[in-house]
Amino acid sequence: MSTTSVLVLQLAGPLQSWGTGSEFNRRETAQEPTKSGVVGLLAAALGRHRQEPIDDLTALRLGVRADQPGTVLRDYHTASDHRGRPLLSAQVSKKGEQKPTTPAKYTQVTQRFYLQDAVFLAALQGPAALLKQLDGALRAPVFPLALGRRSCPPSRPLSLGLAESPDGLEGVLRSTTWQAGKTAHVTHARKAAHPEHIDLMATVEDPEHGNDSVCDVPLSFVQERRGLTERRIRRLTVTAPTGLEARTDSSRTGLHAGHDPFALLGW
Amino acid sequence: MPYLSKIRINPQRASAIRLLRTPYQLHGAVQAAFPNQAVDERVLWRLETDTPRRPHLLVLSEHTRPDWTHLVEQAGWPGAEGDHFLVGDYTPLLDRLAAGQEYAFRLAANPVQNTKRPDKLTPEQEARLKETEPGTRTRGFRVGHRTASAQFAWFLARCERAGFTIPAVRTTTAPAPGLTLCEKSEPAPDAALIKRDSHRFRKKKNGPQITLTTATFQGRLRVEDPEALRAALLAGIGPSKAYGCGLLTLAPLPQEAPRG
């Protein structure tokens, strides 16, 4: 299609946290960037306020590739009143004031979960004009940008620019170079039999053939009317180029490959 | 005409477990594939266990084309799809061998040494020593090499006789920062000991216990003397050939093979 193109983002940072349905004292993170997280990031870059519509952004087709899946970090977190007073409960007195908790509770224990040391590639497919505007906005954002939570700033420039591929979104996920960190590159170069490729897990939005669904499409970012709806997704494995050279030494390939004596018998 | 066969074995079956338990039983099953009693024929075999729970048997026979129906019926998947066994003519490979070629190889062998006085005598050895007059016995006892370095040295010592050499490891990785290559060190041979095993079994219920120490070598070889290598491929390397040792097989080098 000539009117659609793909904007490629790299989401890398020491910490990321992509919440979907978490509430109250336990704030969990998804294993990969959510649509609401990415849409929020784009809206912040454009300088949209919470009241402004986000329909054009939610209409973009999102594909996510886990270049470095990361590990989950649990943050044990407490909150209390610095004046030493008990915390307030949700109940309200006749005067309209919040009652103190009974028995008095001084500390709120919360748990927050983060993805540490993760790198994701997010590809957005949609109208070329909008993607071009987003590309510019991500390079000069109006509001500060964060990876799912304000305490998780990105450690690399977010936009990798607009990409073209005949296969659309999936083609871009297949052709974009692996964006993992240096340690992962060194480990892969040392251990893999074919370091020039790597197999990565990816998730693409697919309304027709999607065989799974996730509930992470934001309806609105207005505090009183926040909500999420579902979208159909499809999970796949993509083989991406790593930018590393093919192995020419024999130490690993020769010894750990299978052994098929029939391959030399000429049939 | 030499034939190479490959038979898949279903390790879930009781009869297959009996075969896999001792090399002696498997030797019997292999011999049963030859209609004429193969007394003057060298039959080499090796059990391949690359894929866990899906072992297969490789058999090389020098003159006779074997029939593996009995093994499929007793220890295979008789009703399943796919090839129950493959029997291939081995001559294309033997004709192709020429000096300077390089192949991937695998060999399961029984590295042994002869020693006059073993560290620890078995009851049989002790009895044999008692029988002979002190000082008259000239022949030593054959005992298995048990350390990896001794087993590997045993293998390297047999390469020349079998008509091939093990080239040095090809490496492109630079030494770690702060380290330099030691110029004086010998380059390592491009082969490794991938599996070591020890089997203990008896042929008869109260017969002597047979102990078999096996080592599997894999790597890259360079053909030096095609005639000697042809002979080694057909005759095997080292002892215990009836018990799945000594079969040297060649395969294409992994670089030639497609990715996957």
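A few points about this structure:
- Candidates A:Ala90, A:Ala44 - the one that is among the aliphatic types (A, V, I, L, M) and surrounded by 14 or more Cβ atoms within 10 Å (Cβ to Cβ): A:Ala44
- Some residue of region A:128-142 being over 26 Å from A:Ala59 (Cβ atoms) and either at pLDDT 95 or above or not in a strand (DSSP E or B) (or both): no
- Residue ID - nearest to the chain's Cα centre (by Cα), chosen from residues in region A:99-130 that are of a type in the set (A, V, I, L, M, F, W, C) and surrounded by fewer than 20 Cβ atoms within 10 Å (Cβ to Cβ): A:Phe113
- Residues located in region A:198-232, provided they are surrounded by fewer than 14 Cβ atoms within 10 Å (Cβ to Cβ) and within 14 Å of another protein chain (Cβ to nearest Cβ): A:Asp199
- Leading residue by the ranking (modelled with the highest pLDDT) among those in region B:128-154 that are surrounded by 10 or more Cβ atoms within 10 Å (Cβ to Cβ) and farther than 21 Å from B:His199 by Cβ: B:Ala153
- Of the residues making up region A:199-242, those that are outside any strand (DSSP E or B) and among the basic types (Lys, Arg) number 2.
- Residues located in region A:14-31, provided they are out of contact with any helix residue (DSSP H, G or I) (no Cβ under 9 Å at 6 or more places or on another chain) and surrounded by fewer than 23 Cβ atoms within 10 Å (Cβ to Cβ): A:Pro14, A:Leu15, A:Gly21, A:Ser22, A:Glu23, A:Phe24, A:Asn25, A:Arg26, A:Arg27, A:Glu28, A:Gln31
- Scanning region B:50-61 for residues that are more than 11 Å from B:Leu20 (Cα to Cα) and not hydrophobic (A, V, I, L, M, F, W, C), we see that the one that is farthest from the other protein chains (Cβ to nearest Cβ) is B:Arg53.
- Taken over region A:172-192, residues that are of a type in the set (Val, Ile, Thr) and in contact (Cβ under 8 Å) with a residue 24 or more places away in the chain amount to 3.
- Selection from region B:163-201 of residues that are touching a residue at least 12 places away in the same chain (Cβ under 8 Å) and of a type in the set (D, E, K, R): B:Arg170, B:Asp190, B:Lys195, B:Arg196, B:Asp197, B:Arg200
- Filter pass, B:Arg158 being assigned to a helix (DSSP H, G or I), within 26 Å of B:His63 (Cα to Cα) and within 14 Å of chain A (Cβ to nearest Cβ): no
- B:Leu212 being out of contact with any Pro (no Cβ under 8 Å at 6 or more places or on another chain), aliphatic (A, V, I, L, M) and closer than 23 Å to B:Leu47 by Cα: no
- Cβ pairs under 7 Å, 6+ apart, first in region B:88-109 and more than 13 Å from B:Arg230 (Cα to Cα) and at the interface with another protein chain (Cβ under 10 Å from one of its Cβ atoms), second of a type in the set (Gly, Ala, Ser) and assigned to a strand (DSSP E or B): B:Tyr103/B:Ala251; B:Ala104/B:Ala251; B:Phe105/B:Gly219
- Scoring A:Arg150 on the criteria (1) under 17 Å from the mean Cα position of the chain (by Cα); (2) touching a residue at least 24 places away in the same chain (Cβ under 8 Å) leaves a single failure, condition (2).
- When we screen B:Glu160, B:Glu186 for residues that are exposed (fewer than 12 other Cβ atoms within 10 Å of the Cβ), out of contact with any Leu (no Cβ under 9 Å at 6 or more places or on another chain) and not polar (S, T, N, Q), the only hit is B:Glu186.
- Single condition A:His49 does not satisfy, out of (1) under 21 Å from A:Leu145 (Cβ atoms); (2) buried (at least 18 other Cβ atoms within 10 Å of the Cβ); (3) not charged (D, E, K, R): (2)
- Within region A:162-182, the set of residues being assigned to a helix (DSSP H, G or I) and among the acidic types (Asp, Glu) comprises just one member, A:Glu170.
Quick grid of which residues meet (1) under 23 Å from B:Glu160 (Cβ atoms); (2) surrounded by 15 or more Cβ atoms within 10 Å (Cβ to Cβ); (3) facing another protein chain (nearest Cβ under 10 Å):
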residue	(1), (2), (3)
B:Ser198	no, no, no
B:Lys203	no, no, no
B:Gly207	no, no, no
B:Thr214	yes, yes, no
B:Gly236	yes, yes, no
B:Pro254	no, yes, yes
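- So B:Asp40, is it away from every other protein chain (no Cβ under 12 Å), within 17 Å of B:Leu234 (Cβ to Cβ) and not small (Gly, Ala, Ser): yes
- Filter result (under 21 Å from A:Arg231 (Cβ atoms), among the hydroxyl-bearing types (Ser, Thr, Tyr) and within 14 Å of the chain's Cα centre (by Cα)) within region A:33-79: A:Thr34, A:Ser36
- Flag for B:Thr249 being in contact with a helix residue (DSSP H, G or I) (Cβ under 7 Å, 6 or more places away or on another chain), more than 14 Å from every other protein chain (Cβ to nearest Cβ) and polar (S, T, N, Q): no
- A:Pro195 fulfils the conditions (1) in contact (Cβ under 8 Å) with a residue 60 or more places away in the chain; (2) surrounded by 14 or more Cβ atoms within 10 Å (Cβ to Cβ); (3) assigned to a loop (DSSP other than H, G, I, E, B) except for a single criterion, (1).
The values are calculated or read from the model by the stated rules, or taken from the named source; none is laboratory data. Because the structure is predicted, anything quoted here is derived from the model rather than measured. Counting neighbours? That spans all protein chains shown, and the Cβs are built from the backbone with ideal geometry, glycine included.
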